[in-house]
Amino acid sequence: MKWTLLILSVMPLLASAQKFTINGYVKDAATGESLIGSAILNRKTLQGTTANVHGFYSITLPSDSIHLVYSYVGYAPIEIRLLLQRDTTIDVGLTNTSQLDEVVVNATRADEIQEITQMSSVSVPVEQMKALPALLGQVDVLKVLQLMPGVKSSEGSTGLYVRGGGADQNLMLLDGVPVYNASHLFGFFSVFNADAINRVELIKGGFPARYGGRLSSVIDINMKDGNMKEMHGEGSIDIIAAKFTLEGPIKKDKTSFLISGRRTYLDALVAPFVRSENPDARFGYFFYDLNTKFNHIINKRNRIYLSTYLGDDKAYVRDQSEDSFRKYKDEFGLKWGNIITAFRWNNVIGPRLFSNLTATYSRYRFTVFSNSEEETTHPGTGDVEKSKYYTEYFSGIRDWALKMDYDFVPDPSHYIRFGASGIAHRFSPGAFTYNVDMPHDTTIGSKKIDAIELSAYIEDDIKVTENLKVNAGVHFSSFNVDNRWYYSVQPRFSGRYLINKDLSIKASFASMMQYIHLLTNAGLGLPTDLWVPSTALVKPQRANQVALGLARNFKSGYEASIEGYYKKMYNLIEYKEGSSFIDVQSDWQDKVAVNGKGESYGSEVLLQKKTGKVTGWIGYTLSWTNRQFDDLNNGKWFPYKYDRRHDVSVAMTHAWNDRMDFSATWVYGTGAAISLPTATYKSMQNSPYAGSYFGQSVYYYGDRNSFRMRSYHRLDLSFSFWKTKKWGRSKWTIAVYNLYSRRNPFFMDLTYDDDGNRKFAQYSLFPIIPSINYSFKF
């Protein structure tokens, strides 16, 4: 009897100490699309977690009655109450608030800005991106990210220059695959089609250990999985391009597909005008891209994905003529493009352990080509003489990669991620092929280079106390090229401390290593840049970054952050003065200044509103960025090209009602740093006939980037009008880029005025540009 009473008294204690796990997927109820980063919170204990990039979540709680709240920005939350007595799987579908007449959204703490450990990170809902004004009607993910504090940009370019870094220091991932060139139309648009995208996240510092290989930022873009419920489509047509997206179930709630394509028709529009000037000439430019994705649920524990991207740009000039004795055909052109493929296998190994295996292929290539054919018939003899001439300059990079990632959530106080990856690189740093009436091609230039990059990581998001939460981890990497190994250990740390329930202080430190480099030519955004590996002469780039900031959530739906940062970079490279990518006679390593240093520091302020009829943000950046090379500027430090003291961005969208919305952006930036000649002199020439004499004029430049162009600012507006049809909805959008037609500087040059005096002239790209776009959904 005594033992029975003891057992009965202990059993409730044992039951209360026992823990069970709830896991599952959080999706859009209407489409089955994963809601990445959605929050799951137990209201009784305020313990919570978030869904990963596949929508999977896991939370372990004591056996008890629990009250779970599932929430996601722009969606109505769902509350579930249950008595937790065993491991349980709960898949949840949330409803988009735009589909509801009225909904009350109760804020939950798990995903609020002051709660999360990650700092220097920002995400913009894709629908908000698509609502903002766009140049010529082309919605552009990277153009929107350029509006964020800490990100510098250039007129007519999709390049991102984050916290003093270069364009090559951004890790751009599309479904986990690196994208090596993200530009269409010589840099005016990016390759990312917003209609095919589910989520975009920009990380500027405090990098989690799972990311590696770049110094300055991560742009993590996830494609849509494809509608699991029913067939849907959307498309648009504007001044220069048309696009169409179709998604739906192959087998409902089991297998889905998505296909999204876009193409310009500039070549078709321009062709009649070119023919009217020269009937034998043809000029054209076009780009296209195609995204596809297949998603198959094998069972509750296993699912697979196959996603692809294919895109190309081509610009060409063709000329041909024919008469009684001679005919010829000439063609000159540029072409560049990417191919990206990713195969993913998700496996729920157990209630607390999730794995993702990813196999990828990525290839970028750039080609300049010229082709000429001529046929001459000699009068009298009738003999026919034929000649051919072909030249091609080629560069590129190709990757095969395999990666294994694990998410382990033992309890709400720990979220552990670990994994490893390997990449087989092949670099083609520039080769010149020609053929002049020969049976075989002749190729000169740099040889292909193979390299292996290996990495592993582990990180833990730890709740130390009720107020202190830390993400600590380490990223290991190595790189092998020409039988030489480089190794790196990169510690990472981010932490947040709650001052009160709405305000937190955050700090981070990140050490980064980058084994590949981009040699960039100044000027127009031509994709002539060369990807090259670290070698015995060219060391890997390194960076250390620290940041400190405050994050505040306001009950009115606003959130604000202020951050200060300092970043030091080592082993940067840059073309030497006068070097050119097209010079294939010398090795690329002989054209670069190596072992450069960089320093960037500043502060950023962001006030953002993500929900309601009015959404948007105000951002401000105050920053300094400098570089130093022993072989440049006499070894003295100089301002980086994208060093701008002040940057301001304002972005706003307003939904008047369900039939009309309005959006606007305004940006301001201090003038970019440039180098200008300060004097000219005549060079001394020698001639066997005229003796010594003063020849051509030579410009003398002072310190590198010691001048500033005028400040940059512009205002863009957009009005959209929706109409509901039996088959869906249509929308007309009227937009104006650069409303007050500010002549913003693109570059400056030395020229002459009407009196023959030397002067500096500013050249601009875009005046006021109106556009109209028609889009539809069904």
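Quick notes on this one:
- Label of the coordinate-derived value, Kirkwood radius over Cα pairs in Å, listed as [x] 28.9; [y] 27.9; [z] 30.8: [x]
- Remark: relative contact order (region 19-99) = 38 percent; criterion is Cα-Cα distance under 8 angstrom and separation of 6 or more residues.
- Selection among GLY137, PHE56, PHE286 by position relative to the dipole of the chain gives PHE56 as farthest towards the positive end (Cβ unit charges, Cα centre).
- Of all beta bridges that DSSP places with both ends in region 19-99, some 85 percent have antiparallel geometry.
- Only helices enter this figure: runs of n ≥ 4 DSSP H residues, each worth -39500 (n - 2.57), summed and divided by the residues of the chain, yield -1500 deg cm²/dmol at 222 nm to the nearest 500.
- Two-site FRET efficiency, ARG659 against SER413, from Cβ-Cβ distance with R₀ of 41 Å, rounded to 0.05: 0.30
- Residues of region 588-611 with an amide N closer than 19 Å to a point placed 7 Å from the Cα of HIS646 along the Cα-to-Cβ direction: 601-607.
- Taking label positions 7 Å along the Cα-Cβ direction at both ARG301 and TYR699, the computed distance is 6.8 nm, reported to one decimal.
- Legend: distances between Cα atoms for LYS130/LYS152; LYS314/LYS539; LYS254/LYS609; pairs beyond 32 Å are LYS314/LYS539; LYS254/LYS609.
- Scoring 401-407, 728-734, 566-572 by mean Cβ neighbours within 10 Å over their residues and listing the highest first yields 566-572, 401-407, 728-734.
- Of all DSSP-defined beta bridges confined to the chain, some 95% are antiparallel rather than parallel.
- Principal-axis tilt of helix 2-17 within the chain, Cα atoms, nearest 10 degrees: 30
- As a length-normalised measure over Cα pairs under 8 Å and 6 or more apart, the relative contact order of the chain settles at 10 percent.
- Across region 597-612, coupling constants 3J(HN,Hα) worked out from phi with the 6.51/-1.76/1.60 Karplus curve, θ = phi - 60°, read 10, x, 9, 9, 7, x, 9, 9, 10, 9, 10, 10, 10, 9, 10, x Hz, and Gly and Pro carry x.
- The C-alpha atoms of the chain define a longest principal axis, and helix 266-277 lies at about 20 degrees to it.
- By average C-beta atoms within 10 angstrom, highest first, the peptides 386-397, 483-494: 386-397, 483-494
Every number in this text was worked out from the coordinates using simple rules, so none of it is lab data. These numbers come from a predicted model, not from an experiment. Neighbour counts are summed over all protein chains in view; Cβ atoms, including those assigned to glycine, are modelled from backbone coordinates with ideal geometry.
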